[in-house]
Amino acid sequence: MRQVLPSLEGAALWAPAVVGLGVGMWGITGPSAWTDEIVTMDVARRSGAQLVELLGNVDAVHGLHYVVMHLVGRVAGVSAFTVRLPSAVAVAIAAAGLSWLGRLLGGVRLGLGAGLLLAVLPTASRYAQEARSFALVMAVAVPATGALVKVLSGSRWWSGGYAVLIAVIGWFNVLGLLLVAAHTVTVVLRRPGRLVAVRVVSAQAAGVAAVVPLLVLGVSQRSAVGEIAPVTGGTPYTFLTWLLTPGQGTLPGALKLLLTPTALVAVALLVARRRMAPPSVLAVGVPWLVVPPLILLVASLGEPLFAYRYLLFCLPALALLLAAAGAVVPLPVRLLLVLLPAVPLAMSHLAVRQQDSRPWDTTAVITTLRSRAASGDGVLFSGGRCGLIASAHPEVFARLPDLGTAESAAERGTLDELPADRALLHRRLAGASRVWHIGCRHLSSEARRAGARTAVSQRQALACAGLAPAYRRGVHGLEIVLYRR
């Protein structure tokens, strides 16, 4: 045993990180960049002054992530690979951090199992390949929870680090502060001494206070929040399913049925055998998994806010609980819990790596333009922020002037271009012999209506200029039409 444990401890330190990074890097450039990622790529290309101006006008709640992307762009350039790489690294950090946390709560084997499980879950690798802040929030939430455990165990020196980590979570995404509510429930369940409880609450208050300026600015920019579907009675079950496999619409419902019930049975077995599990696992894992979505669900009864991706930081809690369940059930049951979801999890991994697995298949548009566009062709965009595709891929659109834009989003200090007025658009079309019209679907209802009005107006202008459709291609979330005389 003495020869086995050191090697196991070493594996627990690096194996989840290596596996998490490897799975995250697998096919990382395969899926097309979609709306939000296109925004990230556009912002990453802006100058420092333009970034400051943008955050003063809109999207300040994503400011820290944009700063990270801006620095990445300056160092490594802007591409699907470079802007997604930080998220892949973040998932690796989260997996390693969960291994450390599991070790604190129940030993090396629990930590190793939890870290490896997080590393191989499809939703983790889906957001390892997303150029947004969600994986980074998760990467901070795990060590923040570990810091809480250390403070509760009497290590006062962790209080400052805990406060800093809470602040970082909030600056990456203010909804990440829902973790504080989960931690508060954990403190109540653990019943530490008064001094320790005061130490935890003080650190939490300091961390949240550091985010107050962002919260104030974010409230003034509330209009930047996109449309979110209202919650229903099935939302909690759907959310749990999403944690196991993200909703790409490519995994058959019958296979999804193998995932969620299996996870629920595993957690139920853990609760039933809780005396065999480390006492702190449930006190830490259950509030972490349940409290943030519950609060957001209740808040969404007034105004829809329940976007699953905002709660990605709850995924490590599920991995921790499932790993703990695997440690307390008999071996035959453990094998069954592993084998039942194996096929759907494998299929989910393949599904999220398809080119058209995101809301916009921009790769198909770029491929079409590279093979068919000629020098001197113009381009028109219709649909919410569709024009940012051009700024995200300047190597393709540099020779294709945007005929429908009077002022770019970067020049305006916003995320939306200023469209050309009717007179300017007619003048530009008068000198064009070929125009590519790119329309974007998968928009909010308001943006969809605005995009439809823009498309109708543009088609009328094209017809008045003597341009008619000559080629059409519809792809996932987008349509591209070539007009020529």
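All of the numbers you see were taken from the coordinates with simple rules; none came from a lab. Source: prediction; values computed, not measured. Glycine gets a Cβ as well: all are built from the backbone with ideal geometry, and neighbour counts include every protein chain shown.
Placing R0 at 35 angstrom, the Cβ-Cβ distance between Ala49 and Ala423 gives a FRET efficiency of 0.65 after rounding to 0.05. This ranking places Tyr308, Tyr471 by how few other beta-carbon atoms lie within 10 Å of each, fewest first, which gives Tyr471, Tyr308. Judged by a Cβ-Cβ distance under 4.7 Å, the unpaired cysteines of the chain are Cys314, Cys464.
Dipole of the chain computed with +1 at Lys/Arg Cβ and -1 at Asp/Glu Cβ about the Cα centre; of Val219, Trp171, Pro279, farthest Cα towards the positive end is Pro279. Once you put a point 7 Å from the Cα of Val271 and another 7 Å from the Cα of Ala468, both along the Cβ direction, what distance in nm separates them? Here the answer is 6.7 nm between the modelled labels. For the pair Ala229 and Val185, a Förster radius of 25 Å applied to the C-beta separation gives a FRET efficiency near 0.40, rounded to the nearest 0.05. For Tyr471, the shell of other residues with beta-carbons less than 14 Å away shows a net charge of +4, using +1 for Lys and Arg and -1 for Asp and Glu.
Distance from the Cα centroid of the stretch 439-485 to that of the stretch 197-222 is 44 Å (rounded to whole angstrom).
Residue separation of Val333 and Arg449 scaled by 0.36 nm, minus their Cα-Cα distance, works out to 36.5 nm of gained length.
Its DSSP H runs of at least 4 residues, each contributing -39,500 (n - 2.57), put the calculated 222 nm mean residue ellipticity of the chain at -20500 deg cm²/dmol, to the nearest 500.
Shape call for the stretch 362-484 from the C-alpha gyration tensor, a ≥ b ≥ c root eigenvalues: rounded (a/c under 1.5), prolate (a/b greater than b/c) or oblate? In terms of gyration-tensor shape, rounded.
In the chain, a dipole from Cβ-located charges (positive for Lys and Arg, negative for Asp and Glu) runs towards its positive end, and of Gln460, Leu321, Gln204 it is Leu321 whose Cα lies farthest in that direction.
Once both labels are positioned 7 Å from their Cα atoms along Cα-to-Cβ, the gap between Val219 and Val18 label points is 5.0 nm.
In percent, rounded to a whole number, the relative contact order of the chain is 18, using alpha-carbon pairs under 8 Å and six or more apart. Output the Kirkwood hydrodynamic radius of the chain, Cα pairs only, in Å rounded to one decimal. 24.0 Å is the Kirkwood radius here. Computed extension length for Thr367-Ala11: 123.9 nm, one decimal, from 0.36 nm per residue of separation with the Cα-Cα distance subtracted.
What the Cβ-Cβ distance of Asp356 and Val201 gives, at R0 = 35 Å and to the nearest 0.05, is a FRET efficiency of 0.15. For the pair Ala254 and Trp157, label points projected 7 Å from Cα toward Cβ lie 5.8 nm apart. Residues of the stretch 144-180 with the amide nitrogen closer than 18 Å to a label point 7 Å from the Cα of Ala307, along Cα-to-Cβ, please. Hits in the stretch 144-180 for Ala307 at 18 Å: 169-179. Net charge dipole, the chain: roughly 740 debye, given to the nearest 20, about the Cα centre with Cβ charges of +1 for Lys and Arg and -1 for Asp and Glu. Taking every Cα-Cα distance in the stretch 194-315 and sorting them into 10 Å bins from zero, the calculated P(r) comes out as 10, 29, 34, 21, 6, 0 percent.
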